[in-house]
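Worksheet for the structure shown next.
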Amino acid sequence: MLTSLRIKNFKAWRDTGPVRLAPLTVIFGANSAGKSSLGHLLLGLKQTALSTDRKRALHLGDTTSLIDLGTFSDCLNGHDLNKPLDFELGWELPKSMEVKDPLDSTRRYSGNQIELAVRLSAGKSGQPEVASIAYDLKDANGVVLDVKFVRGTNRKFSLKSVKYRFKMADGRKWPLDEPEKFYRVSDLSIARFKNAGFLTDLALSTENLLGSVAYLGPLRNHPQRTYQWSGDTPEGVGQTGEATVAAILAAQHEERMLNRGPKKSKQAFTTFIAGWLKDLGVIHSFTVKPVAEGRKEYEVLLKTHLGAPEVKITDVGFGVSQVLPALVQAFYCPPNSTVWMEQPEIHLHPQVQAELADVFISAIQAREDGKERNVQLIIESHSEHFLNRLQRRIAEGQLTTDDVAIYFCRRSGSSTELEPLRLNAFGEIENWPENFFGDEMADIAARTLAAMETKKRQRTVDAP
């Protein structure tokens, strides 16, 4: 689970500052303020980790990749290639990592958190290249092990640590190789030392983290009358929800059982999703059935209310097909996943937007096979109703302020600022931003003045 993020010189962001990421993190802000680019960088890092090209420091993408970031100049704040792109990621490990120094049995380092800080700069061709990679392994008391792989002024790399003593291998001191991607010290460089093998574990942890990131975009696919499924198990619902029905069928085939939290009853996956759709008030019942026995075509059938006939998803309101991918992704993703969603409330009635907050609270508290799922949700939203429900649940004690982080994203000149909102135990925001959801008082005042002017005109017309 991601615990922190910091980005410098990426698109509209000169510096986000340290960003605490909670199990449920919500980002509000005006259109084109830069909210989405935070998730886009994570997607760029994920597709780099998935790439087979180890020499590419950052896979900027193309039409076939997760995200197309354009050129490296497009990625940089002000399109200035003289600026480095800096980013820091912090995450909590599912279980502690232990590092042993093979040259000294008394030296052991154990921690359950990792922080990665990377600096990328433009090379001669304008492509990104690694300037530095820094890892910190931490426990509750702070840093227990640090590693820095840094390019010097002579363009050669060096491996350094304050808390660990690297020992070069015997023989000729060959220079260290370029790193692989933005996070991995190459095997050849590791072989130059007698005790640097643990660097591979740090790189693998980075790959595991990025592999656990899923993304759902703001526009979901239109519903279809039938869906194809041949038994595959998709990684998620897809960026536009295109694999939602396949994910439901895969979870159904695997007989996955979930509950909404501690001491709640277990339910089969499809029943579980149907229950939430009913609680949201958008339908009464929901099923996915094959068109005929032995066929690969399936149809999504539902009832809008108890006495209604069963119809296909294409024959009801658009909101059902838009919220379904968000529901499925929140509970379908593997344990310890991070899911980034843009505007899951789109096309939903205000009351349903509020209820959606309860769905996501359940998603971070849900259990599967009796174990906590530890799923993290990062939500970009424009919904005041969603926020109001979160505040209410904090006041009621169903959610703590440690479980939630809320940010307001605003433009400031040519760059963007991210303001953390301070929530107290009563669910109150102590630093309510100006024009957070528009200027409500200005609208009320203008409406009152307009009403007064209309009444004056009516009195003038009605006067004898």
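Within the range 172-201, if we keep just the residues that are among the basic types (Lys, Arg) and assigned to a loop (DSSP other than H, G, I, E, B), the residue that is surrounded by the most Cβ atoms within 10 Å (Cβ to Cβ) turns out to be 181. Taking the range 214-264 as the search range and keeping residues that are under 22 Å from the mean Cα position of the chain (by Cα) and among the basic types (Lys, Arg), which one is farthest from residue 359 (Cα to Cα)? Going through the qualifying residues, I end up with 220. Among the residues of the range 55-63, is any open to solvent by 20 Å² or more (accessible area, probe 1.4 Å) and over 23 Å from the mean Cα position of the chain (by Cα)? Yes, some residue in the range 55-63 is open to solvent by 20 Å² or more (accessible area, probe 1.4 Å) and over 23 Å from the mean Cα position of the chain (by Cα). Number of residues in the range 147-168 that are within 22 Å of residue 204 (Cβ to Cβ), touching a residue at least 24 places away in the same chain (Cβ under 8 Å) and surrounded by fewer than 16 Cβ atoms within 10 Å (Cβ to Cβ): the value is 1. For the subset of the range 202-247 comprising residues that are of a type outside the set (Ser, Thr, Tyr) and assigned to a strand (DSSP E or B), which member is most open to solvent (accessible area, probe 1.4 Å)? The residue in question is 228.
When every residue of the range 205-212 is checked against the conditions, none turns out to be more than 30 Å from residue 321 (Cα to Cα), in contact (Cβ under 8 Å) with a residue 12 or more places away in the chain and of a type in the set (A, V, I, L, M).
Here the condition is being closer than 17 Å to residue 241 by Cβ and β-branched (Val, Ile, Thr); of 328, 375, it holds for 328 alone. The lone criterion from (1) open to solvent by 20 Å² or more (accessible area, probe 1.4 Å); (2) in a loop (DSSP other than H, G, I, E, B) left unmet by residue 105 is number (2). Residues that are open to solvent by less than 20 Å² (accessible area, probe 1.4 Å), more than 16 Å from residue 252 (Cα to Cα) and among the aliphatic types (A, V, I, L, M) number at least 2 in the following strands (runs of 3 or more DSSP E) confined to the range 270-385: 338-342, 376-380.
Among the residues of the range 32-48, some residue qualifies, meaning at least one is modelled with pLDDT of 95 or more, in a helix (DSSP H, G or I) and polar (S, T, N, Q).
Looking at 416, 400, can you tell me which residue is free of Cβ contacts under 8 Å to residues at least 40 places away in the same chain and either more than 24 Å from residue 328 (Cβ to Cβ) or open to solvent by 10 Å² or more (accessible area, probe 1.4 Å) (or both)? On inspection, the qualifying residue turns out to be 400.
So which residues in the range 130-146 are within 25 Å of the chain's Cα centre (by Cα) and either among the aromatic types (Phe, Trp, Tyr) or crowded, with 21+ Cβ neighbours inside 10 Å (or both), if there are any at all? Selection gives 130, 133, 135, 136, 137. For residue 61, all conditions in the list (1) at negative phi; (2) at pLDDT below 95; (3) part of a loop (DSSP other than H, G, I, E, B) hold save one; what is the number of the exception? Among (1) at negative phi; (2) at pLDDT below 95; (3) part of a loop (DSSP other than H, G, I, E, B), the lone unmet condition for residue 61 is (1). Filtered by the rule that a residue be in a strand (DSSP E or B) and closer than 15 Å to residue 41 by Cα, the range 1-24 gives 2, 4, 5, 6, 7, 8, 9, 10, 13, 14, 15, 19.
The values are calculated or read from the model by the stated rules, or taken from the named source; none is laboratory data. Computed from a predicted structure; not experimentally measured. A quick note on method: Cβ atoms are made from the backbone with ideal geometry, for glycine too, and the neighbour counts reach across all protein chains shown. Only protein heavy atoms, including side chains, enter the accessible area calculation; ligands, DNA and RNA are left aside. Shrake-Rupley method; radii C 1.70, N 1.55, O 1.52, S 1.80 Å.
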